[in-house]
Structure formats: C-alpha cells, structure tokens
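The next block holds one structure in the form of structure tokens; read it before the comments.
The values are calculated or read from the model by the stated rules, or taken from the named source; none is laboratory data. None of the values given here were measured: they were computed from a predicted structure. Ideal geometry is used to build each Cβ from the backbone, glycine not excepted, and the neighbour counts take in all protein chains shown. For the accessible areas, the whole protein counts, side chains as well, though only heavy atoms, and no ligand, DNA or RNA atoms are used. Shrake-Rupley method; radii C 1.70, N 1.55, O 1.52, S 1.80 Å.
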Amino acid sequence: MEEVTKSLVELGALRRSNGEYVVEGSLQDVRLPDTIQEVILSRIDRLDREARETIQLASVIGREFTRGVLERIGEMEVELDGLLGSLRSLELIYEKDYFPELPYMFKHALTHEVAYSTLLMERRRSLHRTVATAIEELYKDRLEEHYEVLARHFDEGQVWDKALEYLVKSALKAAAAFAAKDALRFFDRALLAADRLPAFPLEVVTQIHQGRATVQIATSDMAGAVGAFRELKRIRREAGDRQAEGKMTALQAFAHVLNHEFDKAESVQAEANAIADEIEDEGVKAWAMMPSAMLALTTGRLSEVADLTNHIRPHANGLHPLLAGFFHMMVPFVESLQSQHDLAAEHMAGFVEMAGIRGATGPEMLGRTFSGITLGRTGRYSPALLVLDEAIARSDRLVESGYKARCMNTQGWIHNELQDWERGLELNRRSVELARGLVGLDTAEVEMNARANAGDSLLGMGRLKEALEELEELHQTAPQQHEWMRWRYSMHIAHSLGEAVLEEGDAERALQLAEECLAAATSAGAPRYIAKGKRLRGQALSALGRHEDSVAELDRGIEVATDDGNPSLIWRALAASGRARAAAGDADGASDANRKSLEVIDSIASDLEDESLRNTFLSSTAVSALREAAKTGN
C-alpha cells in the first residue's frame, strides 16, 4: 500500500493535502501494476538518468552501502550528495548511521532486489569486480571486517582465485565466532569457487574440508565429518600423497568413533595402520592410534587408554588440531576418573585454552563441560557452576549441538551434590528435553545420565515412587543402549536404584545392586563408584542386621572416598557410617563419624559463593537430620 501510494503521487494521480491524500482528476486512465516488484520498477524508471544509475550502482554494493564505495565505483556527472538526497526524499533509501562513516540502506529489501535486477548480467559482474577492488583499497587496514562482503563481490564477479581466498577467510572467521551455519555456507561456496580454477588448489581444498569437518563435529554432525574426511582421503590418494592419505584415513576412523560406528572405525583404522606400516611413519601411526584410544575410553578400558596415550604423547604436537584436542582432553578425563582431580582440573583448563586457540571447537566445548565436572569433583562447586554457565552461553551459538544438554545435566549433578534437589531436577529434565530434541544425534549417554540424576533428585525430595519408576526403567533399558560410555552411566544407575530400593525396604536387592555397581567400578578402575558401591553395600548390610560387616564395609568406603577427595562423597560416607554405628550400639563411634561429616559439610558451605544455594544446602533434610543426630547422640 505504501509503495502504490507513493507511485500514484509520483504519477500525479494523488495529491497530499492537510495530512490526507486527495484524488487528482480521474483514476480511469491510471494503470496499477500487478505486483509490488512492478510498482517499485515503475518508480525507478521514472527517476532521471543520474539518480537511476546511482541506485543501480548502490544495489550492486548491497542492501547497505557507504558513500565512499559508491563514489569510488561511480562516474557521476552531478554532485553525489544531491543524488543521494533525492533518493532519500523519495524514501527509496535512508541514512542508517553516522559512525564510523555514513552508511545508507535501501528502505525495503525488495527495492534493493528490483534495482539490482535492472542491470544486465555482464554489467553486474563487472561492477562486482569494481566494488571488490574499491573495498580492498578503501579498507586495506581493516580488511577482516569486510571478508564476507569481499567474498560475495569476487564470487559474483567470477574472480575465482580472490573469491576462494575470501570465502575461506569468511568461513574461518564465522567458525571462530561459533556461527556454524554461516561457516558451512562459506565453505560450500569456497568448494564451488575452487572447482572453477584452472589448477586444482589441493592445499586450500584440504583446508576447506578439514574446516567443514571441525564445524560439523562442533555441531554434532558426525556423519558430515565422516564424509568430509572420506573425501579428503580420496583427494590425497589421487594426489599420490601416502602420508597425507594415511592421516586423513585416521581422521575418518576417528569421526566414525564419534559417530558411534565402532565396527567401521576399526575397519578404517586398519587402513590407516597399514599405510603407516607401509611408509614406516611413526607420526601417521600416532594419528591411527587415536581412534583406538577413543574407543577404549568410551567402552571403559581405562588402562588401555593410558597405554595408548603414552605411545601417542611423543607425537602429540604433530597431531591434527582435532586429534590433538581430544588427546589433551583424554588425559585429564582419565585422571579425574582415577581420582587425580586437582591434576585433572589443571590439565583440563590448559587443554580448553589450547583448543580455543587452535580452533578445535568440538573438543573445546567438551573440555569446558569436563572442566565443570573435574572442578565439582574437587568440591569447588562455585567455580564449576561458573565454568558451566560460560559453556552454556557458548553452546547457545552452536545450532544442533549436544553440549548445552551435557552442561545442564552436569549442573544438575552439582545441585544434587549440594542437596538442591528441586533445581537439580529442573536442570536434568531440561537436559533430557534438549537431548531428545537433537534430530539425528545419538544422545543416549546424555539422556541416560540426566535421567539418572533426575532419579537422584526425586529420591532426595522424598518422591520415592517416582524415583523407583525412573530408575527401574533406566536399569532395564541401559543394557540395550549403544556401548558409548554405557559403563559410566550403568554404575550410576545401579547405585541410585540401590539407594531407592533400600529406602523402600528391600535390603537384599540393594545389596545385589551394590555388587553390580562395585563390579563395574572395579573393572573400569573408577574409585568414585567404588566408594559409592561400598557405601551402599554397608547400608544394606546394616539394614539386614549384619552390623559388624556393615561398619567394616563403610570404613573401607570412607577410605576410598577420602582418597578420591570429593567432599560430598566423604561427608555422605561418614554420615552412613554414623548411622550404621548407632544401629550397632557404638554411640561414641557414631558421634565421631557425625562430627567429622559435619566438619566436611561446613567446609563445603563456606566455599559456596551463592548465599541462597548455601542456605539450601545447610537446611536440607539430610544435613538437618545429621545435625540432630549429632545433638542427640543417635
């Protein structure tokens, strides 16, 4: 309506009078165009030659343009300011801002499109080349700000070498800013530009495919990464570069692991190993070991991970950034599982910084999540929550990413550790929703962990029936899930279900579940769950009246928990010992255990920066019951 009204005014069919539009003469001879594009085109056609050429040139620059570039590419016979003022008065363009220079903008996207369509194809290409050259000259001191614009103009101008250069730069810039969709779009256009060059730019195409794969892994598109590395393997094979072919084959195998395709990973890794043996290259051999190390980690063979990382370590600096990122993440991850929490936190922080510098976005995001876990396991809950908040803020910029779901279930676990059950339940249920909403991704690990945490929250809130329903279902379905990290959440589920059935009064089954948890934890070498399993077994034995066995088992659990160093693990082991000793008639032993447990609790509380969270922790049912027991001596 706005454009039609303006068109009728320009034709003289309407006249503005006292804030209204009045018909001038007869409307019978006025032809109204059928489309909005025709309305705009008719308005542009009525401009004088200089104004029409000005708006056409501006349309080539883009919907937004500056006077400086327009002046550089145009050969105006009249004053440019007057032409721009005329177009502005007609409301075809408007001034957008004043700093750092005066930019203009087409009022409507359609106005820009129609003005652009009036130019012949060859004229457009020529002007795009002129615009690109002008921008390079005008902004040579800050070209990075204009990579995307230069890429577009050289691309449209069919200057393929320059288009390729700026498309790759734009893609890498977008990837660094977590703009995954933009990065992939620029990489795709760069490949098209590379195909137009007379000589195949091998190294640049390699950089493009590797960049694509890195972004795809960051956005959990593991299948896409597999395809990118497979294509690189083919390209390097055809080029006759066996060393590079071996490395790309190893990367393809690693991507298969991340895509939970273990059989394919082993098959492709065998290809990489064969190439490494054929050319006797230890560096390629190290690349080929990384899929094995990742497979061992995801299936709970931690001693094998340690052996493989020791073999890889001398060649770690020569690994691809993706492999280097995961290598430097594996080491602290295993350290944390083996209770070397302080060392793990230090190494993980260094790894996150390194991954960010090297642009390994996927490993960096996982590292930030695991930093929250390792900090939480040392009892530094406030820093852990801060790290996870920062990770969530970053993950929000990654479309179709599972990192936010991981971070939220880790936050939920920390709130559970601090007896903040309601917040823990909220975070874990949100994590489950996010995981289930990720189309095409295998998120069983995230979902199972979050649901187990939610079961803990329900149990802590006294909602026993709901907790049992959740945990029983998990216990039944866990063996049917993919092997990826199943060993970790299976221990968690066995222990949590054991606590729930013990609360229900089924001590015999709780004892069975304790044995299940301990068997898995001992096999994996995971002290945290060894301590939890011993605590559960001690509690079940106490409920069965086997007090001497119960106290002995809980004492062993306290030793493991103390060696592990997690304060929540310690105070809960001591509190369980206090209850068992009281049941066994050992009032002094119970009092001593309760006192020590409260000391740990007070230490945790003193380090919490969030006053509300501190109060929730100290006023929780479990802590309040422990204080009451300490007062009464029960």
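Normalised by the residues of the chain, what does the relative contact order come to in percent, with Cα pairs under 8 Å and at least six apart? Could you put the intermediate results ahead of the total?
Values: 945 pairs, mean separation 42.4, N = 634.
So the answer I get is 7 percent.
By per-residue mean of other Cβ atoms within 10 Å, what is the highest-first order of 552-563, 109-120, 371-382?
Numbers: 552-563: 19.8, 109-120: 17.1, 371-382: 23.3.
Answer by packing, highest mean first, reads 371-382, 552-563, 109-120.
Separation between the Asp263 and Ser126 pseudo-spin-labels, each 7 Å from Cα along Cα→Cβ, expressed in nm?
6.2
Separation between the Glu53 and Glu137 pseudo-spin-labels, each 7 Å from Cα along Cα→Cβ, expressed in nm?
The modelled label-to-label distance comes out at 1.8 nm.
Which shape class, rounded, prolate or oblate, goes with segment 36-86 when its Cα gyration tensor gives a ≥ b ≥ c as root eigenvalues, a/c under 1.5 marks rounded, and past that a/b bigger than b/c marks prolate?
Numbers: a/c = 2.30, a/b = 1.43, b/c = 1.61.
Cα axes put segment 36-86 in the oblate bin.
Just to confirm my numbers, what's the Cα centroid distance between segment 141-211 and segment 252-276 in Å?
The two parts, judged by their Cα centres, are 30 Å apart.
Taking R0 as 60 Å, what FRET efficiency do you get between Ser619 and Ala177 from their Cβ-Cβ distance, rounded to the nearest 0.05? Each step should come with its number before you reach the end.
Details: r = 44 Å, r/R0 = 0.73.
In this case the efficiency is close to 0.85.
With no solvent and one equal point scatterer per Cα, compute the Debye intensity ratio I(q)/I(0) for segment 152-258 at 0.14, 0.21 Å⁻¹ and report its log10, rounded to two decimals.
Taken in order of the listed q values, log10 I(q)/I(0) reads -0.54, -1.08.
Based on the Cβ-Cβ distance from Ala552 to Ser382, what FRET efficiency comes out when R0 is 60 Å, to the nearest 0.05?
Numbers: r = 36 Å, r/R0 = 0.60.
FRET efficiency, Ala552 to Ser382: 0.95.
Determine, at each q value in 0.18 (inverse angstroms), the log₁₀ of I(q)/I(0) that the Debye formula gives when each Cα of segment 305-353 is one equal point scatterer.
Taken in order of the listed q values, log10 I(q)/I(0) reads -0.52.
State which entries of Lys173/Lys233; Lys247/Lys404; Lys140/Lys173; Lys107/Lys140 exceed 20 angstrom in Cα-Cα distance in the structure shown. Don't skip to the answer; put the middle values down first.
On the way: Lys173/Lys233 25 Å; Lys247/Lys404 31 Å; Lys140/Lys173 17 Å; Lys107/Lys140 29 Å.
From the list (Lys173/Lys233; Lys247/Lys404; Lys140/Lys173; Lys107/Lys140), the Cα-Cα distance tops 20 Å for Lys173/Lys233; Lys247/Lys404; Lys107/Lys140.
Just report the Cα centroid separation between segment 506-539 and segment 277-335, whole Å.
Using only Cα atoms to place each centre, the spacing works out to 31 Å.
Return the FRET efficiency for the residue pair Ser606, Glu504: r is the Cβ-Cβ distance, R0 is 51 Å, and the value is rounded to the nearest 0.05.
Details: r = 35 Å, r/R0 = 0.69.
Efficiency computed from Cβ-Cβ geometry: 0.90.
Pull out the extension gain between Ala583 and Arg234, defined as 0.36 nm times the separation in residues minus the alpha carbon to alpha carbon distance; nm, one decimal. The partial results should precede the final answer.
Working: separation 349, 0.36 × 349 = 125.64 nm, distance 6.96 nm.
Gain on stretching Ala583 to Arg234: 118.7 nm.
About the Cα centre of the chain, what is the dipole size in debye to 20, counting +1 per Lys and Arg Cβ and -1 per Asp and Glu Cβ, all else neutral?
Values: 73 positive and 102 negative charges, 44 e Å.
I would put it at about 220 debye.
For segment 368-495, give the magnitude of the charge dipole about the Cα centre (Cβ charges: +1 Lys/Arg, -1 Asp/Glu; no others), in debye to the nearest 20.
Details: 16 positive and 19 negative charges, 80 e Å.
With Lys and Arg at +1 and Asp and Glu at -1, about 380 debye.
Collect residues whose amide H, placed 1.01 Å from N in the peptide plane, falls under 5 Å from the amide H of Leu14; neighbours closer than 5 in sequence don't count.
Val9, Glu24
Given 10 Å bins starting at zero, what is the percent of C-alpha pairs of the chain in each, up to the one with the largest pair distance?
3, 13, 20, 17, 14, 12, 10, 7, 4, 1, 0
Identify all aspartates and glutamates with a Cα-Cα distance to Lys169 below 17 Å; exclude those on the same chain that are fewer than 8 residues away in sequence.
Cross-link targets: Glu136, Asp141, Glu144, Glu145, Glu148, Asp155, Glu156, Asp161, Asp182, Asp188, Glu203.
Percentage of Cα-Cα pair distances in segment 409-531 greater than 25 Å, rounded to whole percent?
Working: 1381 of 7503 pairs.
In whole percent, the long-distance tail amounts to 18.
Rounded to whole Hz and in sequence order, give me ³J(HN,Hα) for segment 303-317 from the Karplus expression 6.51 cos²θ - 1.76 cosθ + 1.60, θ = phi - 60°, writing x for Gly and Pro.
Each residue's phi maps through the Karplus curve to give 5, 5, 4, 4, 5, 5, 5, 5, 6, 6, 3, x, 10, 4, 5 Hz.
Taking a probe of 1.4 Å, how large is the accessible area per residue of the chain, in Å²?
Details: 27920 Å² over 634 residues.
Accessible area per residue, the chain: 44 Å².
For Ala344, what charge total do you get from the other residues with a beta carbon under 9 Å from its beta carbon, if Lys and Arg give +1 and Asp and Glu give -1? Please list the in-between numbers first.
Working: positive: Arg377; negative: Glu335, Asp342, Glu346.
Charge balance near Ala344 sits at -2.
Mind checking which lysines have their C-alpha under 25 Å from Lys631, skipping anything on the same chain fewer than 8 residues away?
Lys596
Under 5 Å between amide hydrogens, which residues at least 5 positions from Tyr104 or on another chain qualify, with H placed 1.01 Å from N in the peptide plane?
Answer set, sorted by chain and number: Phe65, Thr66, Arg67, Lys96.
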